[in-house]
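Structure first, commentary second.
The values are calculated or read from the model by the stated rules, or taken from the named source; none is laboratory data. All figures in this text were calculated on a predicted structure; none of them were measured in a lab. For neighbour counting, all protein chains shown are included, and Cβ atoms are generated from backbone atoms with ideal geometry for every residue, glycine included.
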Amino acid sequence: MEKLSSAMLFITLLAFVLSSCTKSTEEKAKELSEAKIKESLIIPDSYDLASIEVDSAFTPYDDPQFYELTIELAKDGTAIEQAKSDKEEAQSRIALWGGPYQTSYGRNEQNQAKEKYRQAKKAESDATEHARTIAEKMRVMFSKDPEFIGMKAKVSYRAKSNNGNVQMGTAKVLFDKDMTKVINIYDMDGEEYQAFIAVCNEIEKNTQK
């Protein structure tokens, strides 16, 4: 009976030790995200966690490949708008330097404008075609059922800049399924991530129609 009691006590103590050594998902997220964020800070030791929200990550929205495709699509959109603007400007110059009393100088300026129009038209066509290719890849990703790919965390933190001022930052951190490493990290305050959100919002609007 004493041996049985001793064995039960040992098992209880072992279970307690093991449970106390096992870190929670949030604790792992805090440690991994802190180490990763510090890599990009000017004064790493000034890192101070403000808040963290941990959740499951699923395809397609949390997939790094989807993020990259979204950024490419946003860049294509910018390129298309720029090309359209360049075309309009070139058309105006073509009309400006035309007419029945065209001089050799005017003819040269008009020819240059025509070449710029041709280049802008090609740039618009290339960007549009590339955007279609990206959109098709994204469509394929959306056609599949959401898949669990790991964990993610929204991390808000404080850190000092190079002049010593304390600034706030927000990052989205993606972890692997076992919470052993950071797969990717995104600056949620940056222009690129804001472009990602804008494209995602447009996708949501179109899918809800």
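Some notes on this structure:
- Some residue of the stretch 44-67 being more than 24 Å from Ile185 (Cβ to Cβ) and touching a residue at least 24 places away in the same chain (Cβ under 8 Å): no
- For the stretch 166-189, the criterion of being under 30 Å from Gln82 (Cβ atoms), among the aromatic types (Phe, Trp, Tyr) and at pLDDT 95 or above is satisfied by at least one residue.
- Checked against the criterion of being surrounded by 17 or more Cβ atoms within 10 Å (Cβ to Cβ) and either more than 20 Å from the chain's Cα centre (by Cα) or at pLDDT below 95 (or both), the candidates Ile94, Ile134, Ile149 yield just one match: Ile94.
- Any hit, the stretch 28-40, residues being of a type in the set (S, T, N, Q), part of a helix (DSSP H, G or I) and in contact with a strand residue (DSSP E or B) (Cβ under 7 Å, 6 or more places away or on another chain): yes
One line per residue, one yes/no per condition, for (1) touching a strand residue (DSSP E or B) at 6+ places or on another chain (Cβ under 9 Å); (2) over 30 Å from Glu26 (Cα atoms); (3) assigned by TED's automatic domain parsing to the domain that holds Ala90:
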site	(1), (2), (3)
Glu115	no, yes, yes
Gln119	no, yes, yes
Arg132	no, yes, yes
Lys152	yes, no, no
Tyr157	yes, no, no
Gln167	yes, no, no
Tyr186	yes, no, no
Cys200	no, no, no
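- Residue count for the stretch 164-209 satisfying the condition of being among the β-branched types (Val, Ile, Thr) and part of a loop (DSSP other than H, G, I, E, B): 1.
- Search result, residues across the stretch 152-168 that are surrounded by fewer than 18 Cβ atoms within 10 Å (Cβ to Cβ) and either closer than 18 Å to Cys200 by Cβ or touching a helix residue (DSSP H, G or I) at 6+ places or on another chain (Cβ under 8 Å) (or both): Lys154, Arg158, Lys160, Val166
- Filter result (free of Cβ contacts under 8 Å to residues at least 60 places away in the same chain and assigned to a loop (DSSP other than H, G, I, E, B)) within the stretch 130-163: Asp145, Asn163
- Qualifying residues in the stretch 112-131 (those that are under 16 Å from Gly77 (Cα atoms) and of a type in the set (Lys, Arg)) - the one surrounded by the most Cβ atoms within 10 Å (Cβ to Cβ): Lys121
- Against the numbered list (1) within 15 Å of the chain's Cα centre (by Cα); (2) assigned by TED's automatic domain parsing to the domain that holds Ile43; (3) surrounded by 11 or more Cβ atoms within 10 Å (Cβ to Cβ), Asp176 comes up short only at (1).
- For Leu4, the conditions (1) at pLDDT below 95; (2) under 30 Å from Val173 (Cβ atoms); (3) surrounded by fewer than 17 Cβ atoms within 10 Å (Cβ to Cβ) all hold with the exception of (2).
- Taken over the stretch 54-71, the residue count meeting the criterion of being part of a strand (DSSP E or B), surrounded by 15 or more Cβ atoms within 10 Å (Cβ to Cβ) and of a type outside the set (A, V, I, L, M, F, W, C) is 0.
- Count of residues meeting criterion [basic (Lys, Arg), under 25 Å from Arg139 (Cα atoms) and touching a residue at least 40 places away in the same chain (Cβ under 8 Å)] in the stretch 170-209: 0
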